[in-house]
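Working notes, structure below.
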Amino acid sequence: MYQFDSGTQWVSPARSESNVVPFPLQQEAPNCDAGELSQDCGAAGDSKVAELSSDRQLQLAISNLLKYGVILATATVFIGAVLYLIRHGAEPADYHIFRGEPSMFCSPAGVVSAVLSGSRRGIIQLGLLFLIATPVVRVIFSLITFLRQRDFTYVIVTSVVLSGLLYSLIGAYFRFQ
């Protein structure tokens, strides 16, 4: 088991203290005296702090987006499953005849109309749509953020990822109609 000593180095208990390997846990701020202005100090240092703060805010926003998307999807599927089991829980399962998904569950519009008509299976399907939509919304959010930051390398990469996701979700639907 490795241990950290004074927050910046790790030490193997089987080795002596002379074999300490540096392992920085965080980047240290530059040492700036009151009268000294270097490239690492002053306005450049402030912009780095603002950039780190902006990156941290982006990470926190994406984390919350994913967390609450999964919570919403889980709650929706759970509510639909409970309602389904209340109504159909005592029915015996018949697996001798295969019954595919009804056609109303083959499109998001059909799922929404099934939910509005009171279908318990429709509520479960809506929760699954929320689960599928969560990473897509995350990619859209990242694309908008990279556009605002004018980071065009990541805009291109994120656009390719988003186009692949959207094609995989709706491309087959339009191909078979």
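Taken together, the values in this text are just the output of simple stated rules run on the coordinates, not laboratory data. Since this is a predicted model, take the numbers as computed values, not measurements. No Cβ is skipped: glycine too gets one built from the backbone with ideal geometry, and neighbour counts run over all protein chains shown.
Computing FRET efficiency as 1/(1 + (r/R0)^6) for GLN59 and ILE170, where r is the C-beta to C-beta distance and R0 is 35 Å, gives about 0.75.
Ordering SER163, SER119 by the number of other Cβ atoms within 10 Å of each residue's own Cβ, fewest first, gives SER163, SER119.
In terms of the mean number of neighbouring beta-carbon atoms within 10 Å, the peptides 152-161, 123-132 order highest first as 123-132, 152-161. Going from the residue with the fewest nearby Cβ atoms within 10 Å to the one with the most, VAL115, VAL137 rank VAL137, VAL115.
Label sites at VAL82 and ILE132, each approximated as a point 7 angstrom past Cα along Cα to Cβ, lie 2.6 nm apart.
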